[in-house]
Structure formats: structure tokens, C-alpha cells
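Structure first, then comments.
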Amino acid sequence: MKKLKPNQRKIHRKITAISAIPLLITIVSGTIYSILQPLGINAFWLIKWHTGNFGIINLQPFYSIFLGIASIISIISGVKLLQKKS
């Protein structure tokens, strides 16, 4: 079994760390909104957060693309780290 290069682990850690907070915001805001909506509570600001609009900072044009690409890269690099090298 070959030892994985430390560089691969560093890349995986950086990408995962960078994408963790936006993913968490997206998950939490979507979940809370879906719980509040049937109760008749209008929390449309949660949908704005869910899509990357944080008031002064509006990342909507890039937010979904960033989350998608970061997730794919994290998954691929994570799978590569788990695979046994022959």
C-alpha cells in the first residue's frame, strides 16, 4: 500500500473547510424554513440565506455553483483518500 501524499490530504482539508460553512448555512436555513412554513410563519429571509443572499453580500449568482463544485471535489478527493493504493 502506497502512502498518500500529504498534498492530497491538504487539498481535501482546505476544500472541505472552505465549503463547510456555506453548506451548513444552506442545510440549516432550508430545514428551518421547511419546518416554519407549515406553521404559517413567514421567514422568507431564510430562503434568501439558503440561496446565498446575505443582505449586503449577495452571492446568489455563484453560490449554487460554488457549493456544487466544492461538494463534488470534496467527495472525489475523500474517496481517493479512502481507496487503497496497490
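The values are calculated or read from the model by the stated rules, or taken from the named source; none is laboratory data. Keep in mind it's a predicted model, so treat the numbers as computed, not measured. Heads up: the accessible areas ignore ligands, DNA and RNA and are worked out on the full protein's heavy atoms, side chains in. Shrake-Rupley method; radii C 1.70, N 1.55, O 1.52, S 1.80 Å.
Here is how the numbers come out for the structure above:
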| quantity | calculated |
| --- | --- |
| Most mobile of Leu24, Leu36, Leu46 in a GNM of the chain (Cα contacts under 10 Å) | Leu36 |
| With Cα atoms, 0 to 90° folded angle of helix 60-82 axis to the chain main axis | 30 |
| Percent carbon-and-sulfur accessible area, the range 18-84, ignoring ligands, DNA and RNA, probe 1.4 Å | 76 |
| Per residue accessible area in Å² of the range 18-84, where ligands, DNA and RNA are left out and the probe is 1.4 Å | 71 |
| Helix 6-36 vs. the chain, principal-axis angle (Cα, 0 to 90°, nearest 10) | 20 |
| Top of Ile57, Ile65, Ile47 by mean-square fluctuation, Gaussian network on the chain, Cα under 10 Å | Ile57 |
| Relative contact order computed over the chain (Cα-Cα under 8 Å; 6+ residues apart), in percent | 43 |
